[in-house]
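These notes are about the structure you will find just below.
The values are calculated or read from the model by the stated rules, or taken from the named source; none is laboratory data. The structure presented is a predicted model; accordingly, all values stated were derived computationally and were not measured. Positions of Cβ are backbone-derived with ideal geometry, glycine not excepted, and every protein chain shown enters the neighbour counts. To get the accessible areas, we keep the full protein, side chains included, count just its heavy atoms, and leave off ligands, DNA and RNA. Shrake-Rupley method; radii C 1.70, N 1.55, O 1.52, S 1.80 Å.
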Amino acid sequence: MIQRKTVAKIGLLISVVSAQWSVQADDKLAVILNNLEPSLFAPNIVSTNQFEYGSSLSPDGKKFAFVRALARFSHSALVISHKQGDTWQTPTLLPFSGEFHDTNPYFSKDSNTFYFTSRRPVENVENGIFQMWQVSYDGDKFGKPELVPGKINGDHTVIYPTIHTNKDIYFSSIIKGATGSVDLFLSKYHPDGYQAPIEISELNSTASDADPEVSSDGKLLFFTSMRSGGLGHYDLHVSVKQKDGKWGNR
């Protein structure tokens, strides 16, 4: 598990950028980014003196799921806040979380599925590995957790997943033979189950690369990295999809 506190505002920032983005010169993206001002999200309600990270905003903008954890990530649980009018309400524990070490919540773009990663026990899987789970969701009630089918889960950990509109899953992991310590991967959707992870080698560095998020049109990929040239820790990067299908300058 990457021990890093993420800022809930990043998810909203990405939504703003995606909404304003059009297929034009890269300098337009730079202008958008340079004019965005981050601010504390829902102070004293969502953002408190507790350890909060790993957020996801529902497609309708009325539900905000995130993680509350104990120090050093010894345990974490998933909570959710509902928006009433213009006010976010006091977060409550999700009905399937609390007993096990759960993290990385994510609302699907079609609002029918809720994803998360967890160290909850799985037969024949080494303890301590984060596997990816899914829960049916109808906008009001959650179903029972089940493992995401296919080869996305294995003997590697799955963290910081994001599900694109075509159901492909981008995530971070440490997989032997990849570029760095923590790298970015893609697991393509198939009706019979997700395909084996593919390294996004053009974006990975020898440093830690994590937290992928793809714009709804699939043309921008945001991620964090500890690579050189940043401001000193996990910095936010963005890459533009090229004509050949590869991810470009970051």
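Which whole number in µm²/s is D for segment 53-198 by Stokes-Einstein, with the Kirkwood Rh taken over Cα pairs at 20 °C and 1.002 mPa s? Present the calculation step by step, with values, prior to reporting the outcome.
Numbers: Rh = 15.7 Å.
Rounded to a whole number, D works out at 136 µm²/s.
Before anything else, pin down the relative contact order of segment 133-250: Cα pairs under 8 Å, at least 6 apart, normalised by residue count, whole percent. Walk me through the numbers before you get to the answer.
Details: 246 pairs, mean separation 20.3, N = 118.
Rounded, it is 17 percent for segment 133-250.
Based on the Cβ-Cβ distance of residue 122 and residue 70, what FRET efficiency does E = 1/(1 + (r/R0)^6) give at R0 = 22 Å, to the nearest 0.05? After rounding to 0.05, the efficiency reads 0.45.
The helix-only estimate of mean residue ellipticity at 222 nm for the chain, built from DSSP H runs of length n ≥ 4 each weighted as -39500 (n - 2.57), is -2500 deg cm²/dmol after division by the residue total.
Starting from the Cα-Cα distance between residue 35 and residue 175, subtract it from 0.36 nm times their residue separation and give me the gain in nm to one decimal.
Working: separation 140, 0.36 × 140 = 50.40 nm, distance 3.70 nm.
Full extension of this stretch gives 46.7 nm more.
Within a straight-line Cα-Cα reach of under 19 Å, residue 62 can be paired with the following lysines, leaving aside sequence neighbours fewer than 8 residues apart in one chain: 9, 83, 109, 141. When you restrict to C-alpha pairs under 8 Å that are six or more residues apart and normalise by the size of segment 153-194, the relative contact order lands at 31 percent. Ranked by the mean number of other Cβ atoms within 10 Å of their residues, highest first, the peptides 98-105, 143-150 fall in the order 98-105, 143-150. If I model a spin label at residue 136 and residue 201 as a point 7 Å from the Cα along the Cα→Cβ vector, what separation in nanometres do I get? Spacing of the two 7 Å Cα→Cβ label points: 4.1 nm.
Please calculate how many Å² of accessible area the chain carries per residue, with a 1.4 Å probe and no DNA, RNA or ligand atoms counted.
Details: 12810 Å² over 250 residues.
Here the per-residue accessible area is 51 Å².
These residues, 75, 164, go from largest to smallest accessible area, 1.4 Å probe, as 75, 164.
Taken along the Cα-to-beta-carbon direction at a fixed 7 Å, the label points for residue 89 and residue 44 span 2.0 nm.
List the equivalent ellipsoid semi-axes of segment 129-250 in whole Å, largest first, each obtained as the square root of 5λ for an eigenvalue λ of the Cα gyration tensor.
Numbers: eigenvalues 125, 54, 42 Å².
The three semi-axes for segment 129-250 are 25, 17, 14 Å.
Peptide packing: for 29-42, 233-246, 51-64, the average count of neighbouring Cβ atoms within 10 Å per residue gives the ranking 51-64, 233-246, 29-42, highest mean first. Ordering 174, 80 by accessible surface, largest first, gives 174, 80; the 1.4 Å probe counts only protein heavy atoms, with every chain in place.
In terms of solvent-accessible area of protein heavy atoms at a 1.4 angstrom probe, what is the ranking of 126, 213, highest value first? Could you put the intermediate results ahead of the total?
Numbers: 126 130, 213 40 Å².
Largest accessible area first, the residues go 126, 213.
Protein heavy-atom surface of the chain, 1.4 angstrom probe: 49% of the accessible area is carbon and sulfur, with nucleic acids and ligands not counted.
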